[in-house]
Each structure stands twice: as C-alpha cells, then as structure tokens.
1. At pLDDT 95 or above and over 27 Å from residue B:57 (Cα atoms): which single residue out of B:105, B:170 fits that description?
2. Which members of region B:149-169 meet the condition of being away from chain A (no Cβ under 13 Å) and either free of Cβ contacts under 8 Å to residues at least 24 places away in the same chain or under 28 Å from residue A:123 (Cα atoms) (or both)?
3. Tally time: how many residues in region B:97-127 are touching a residue at least 24 places away in the same chain (Cβ under 8 Å) and more than 14 Å from chain A (Cβ to nearest Cβ)?
4. If a residue must be surrounded by fewer than 17 Cβ atoms within 10 Å (Cβ to Cβ) and either in contact with a helix residue (DSSP H, G or I) (Cβ under 8 Å, 6 or more places away or on another chain) or not in a loop (DSSP other than H, G, I, E, B) (or both), how many such residues does region A:111-144 contain?
5. What number of residues within region A:110-154 satisfy the criterion of being on the phi > 0 side of the Ramachandran plot and under 16 Å from the mean Cα position of the chain (by Cα)?
6. Restricting the search to region A:67-83, which residues are more than 12 Å from the chain's Cα centre (by Cα) and either under 16 Å from residue A:45 (Cβ atoms) or within 14 Å of chain B (Cβ to nearest Cβ) (or both)?
7. Go through region B:170-196 and report how many residues are touching a helix residue (DSSP H, G or I) at 6+ places or on another chain (Cβ under 9 Å), away from chain A (no Cβ under 14 Å) and in contact (Cβ under 8 Å) with a residue 40 or more places away in the chain.
8. Please pick out the residue among A:89, A:57, A:41 that is surrounded by fewer than 17 Cβ atoms within 10 Å (Cβ to Cβ) and either modelled with pLDDT of 95 or more or within 14 Å of chain B (Cβ to nearest Cβ) (or both).
C-alpha cells in the first residue's frame, strides 16, 4: 500500500516537474543542453532488448523523462533500454534487460526486480540507442547510482539531441 | 599468556571478516565467480595485516629470520589473491574490469585498487630480485616500504569505498589494524634515521 502511494507520488512529482519544465523552458531561450553519456554507462549492454511490460518479477521502479535538447519539449514514444544487476540476475544475463517507450509526456516507467549493489555500487543502466529507435536522436548511455541500496526506485532523465 | 592473546587477536582479525562476509545477503544474488572474487579481496586485506607483523617480527614465537621467510610466502599468496580477485571480476563483468584497469571507471574506488595492485606486483618483484639487484639495504628497504605504504593506503581506501560483501564493522577494524601495523613497522625500521646517516656520509 505504502509502496503504491510512493510510486504514485513519484509519478505526480515527475508529472509536475515535466509541467514546470514545459512552462519555464520558453523563457530560457533554447538553452537545454543534451545529456552526455556517463562513464561505464554502456557496460554489459545487449543491443535490441525487447519492449516488455516489466523485467522479471518486478517490485522496483526505474523512472525518468526524455526531452529534446534546446527547447526541452517532452519526447513521446522514445525507446529506452534498461538493465541492472538485480535479485534475479547479473547485468550480462539477457533476462536482466528490457525496453520501454515514453508516454505522451515523455515519461517512462519500468517495473523490474530490486537492484542490488554490484561492482561496489547499487546502480542501473539505461540506453537510448539510435540503432533501435526511429526518432533520429544521438545515442546516450546513462549509469545512475542509488543513494541507498535499500531504495525501491531509481530515476534518470535524458535530454536528446538530433543525431 | 600474552603471546596466546596476540595470536588469538591476529587469528580473529583474519577470520572474523571472512566469516562475516560469508553471511552477506548479497551472496544470494551472485554466481560462484563473483563470490570468489569478493572473498579473494577479503583474504588479500587479511594478508596485508600479516605482512608488517611478520616483517617487523611482532608475532610471538616467530623469530625475525623465520618471519622474513614467511613474509615472502605470504607476499606470494597476496599476489595470487590479487590476481584471483581481478580475474574473477573480469569473468563477472569484463567491461567494468577493463574500465578499472584503464583508469576510466566511474567508481572512484577502482583506481585506488588498481594502483594498489601494481604496487603489490612491484613490491613482490623487488622482493624476488633482492639478491640480484645489489641495492644498498637502505635503498632497497625504502623502495619496498614505500610500495607497502601505497599498497596499504590504496587497499584500505578501495575497501572502505566499496558497497560489497564485507560487513562494515569487521572491515573498519581490519583496515585500522592494517594501517596501524604498517605505521608501526615504518617507524621501527628507522628509515629516516638511516637516510640521514647516508646523506651525511655522502656529503663528507
């Protein structure tokens, strides 16, 4: 129950943030910089993971937004690939990988097994791979780190630029 | 009585971290190679405590001559443990290990560990070639001890920054003991006094 409320709160916060960003960006005169690929972001990436409802048994949420560099417009139907070392498998295991699409507000949410510390940090991996998306943006790999290994969710935001 | 206590304390300092790590919940979500990699690291940190104790002749019943020979054997074991640690991590996730070895890893503890690894290899080489190098004792010692300090500081920082299978209290205690032991042996070797004497002689 508390978990559901928390997830709802996360979603509302994400929605509010997106709305706020939408209001503010016109004033910032085309200034939103693209997200650079993070160090180690592409490690154990398996190209072309299938779009799935959730990865494995779930219980953990990977969330985030995808926006366009410059004007910050939310980008719908962007394919984001997600993988991590979880309670159900190592990063390199194919069943630890899955993909999802952003909604009309440029928001994505993927349920997956609990991420556990691996290689010294509890962290996840996300990819926007130009080779598996028809929207024509440049490839970006992210590697966000969880503040606490006990967290039940992790978020990462993409700002993409045209390839 | 005193010697029994010292040996018991050393045995506990080496064994407790291994037993505590064996109870880590993270083990349930790791395959055998990854688990072995973690334990090789824990064992290596334990061997780092033995090294200054043997070199300084602090263990009751182990005379300095025997201590130095054991120091060489434990050093060889340390090299093997480090090689096993890195090799098993490489099997678990090759790109993460390649990043670490090339100093481009996103995790800050990796560089500390890799520097300590090279210092272990260099230190062992210096030990193996001691007879052939024909360095003056003070020079050889200075090189070996400098590498030992790099190994110990690098390994302790590496271990402390990692969220892994080691239990935190046993990790802190073992790390503190390793630092204290190496500090004591560095002071007892009176390297600075030796250097000063050498400078005085060459200046005359």
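The values are calculated or read from the model by the stated rules, or taken from the named source; none is laboratory data. Fair warning: this is a prediction, and the values are worked out from it, not measured in the lab. Quick reminder, even Gly has a Cβ in these numbers, built from the backbone with ideal geometry, and neighbours come from all protein chains shown.
1. On the way: B:170 fails: over 27 Å from residue B:57 (Cα atoms).
Only one candidate passes the filter, namely B:105.
2. B:151, B:152, B:153, B:154, B:155, B:156, B:167, B:169
3. Within region B:97-127, residues that are touching a residue at least 24 places away in the same chain (Cβ under 8 Å) and more than 14 Å from chain A (Cβ to nearest Cβ) number 10.
4. Matching residues across region A:111-144 total 6.
5. Kept after step one, since they are on the phi > 0 side of the Ramachandran plot, are these residues of region A:110-154: A:119-120, A:136.
Among the residues that remain, those that are also under 16 Å from the mean Cα position of the chain (by Cα) are: none.
Total satisfying the criteria: 0.
6. We begin by selecting, within region A:67-83, every residue more than 12 Å from the chain's Cα centre (by Cα); these are A:68-77.
Scanning region A:67-83 gives no hits.
7. Number of matching residues: 15.
8. The unique qualifying residue is A:57.
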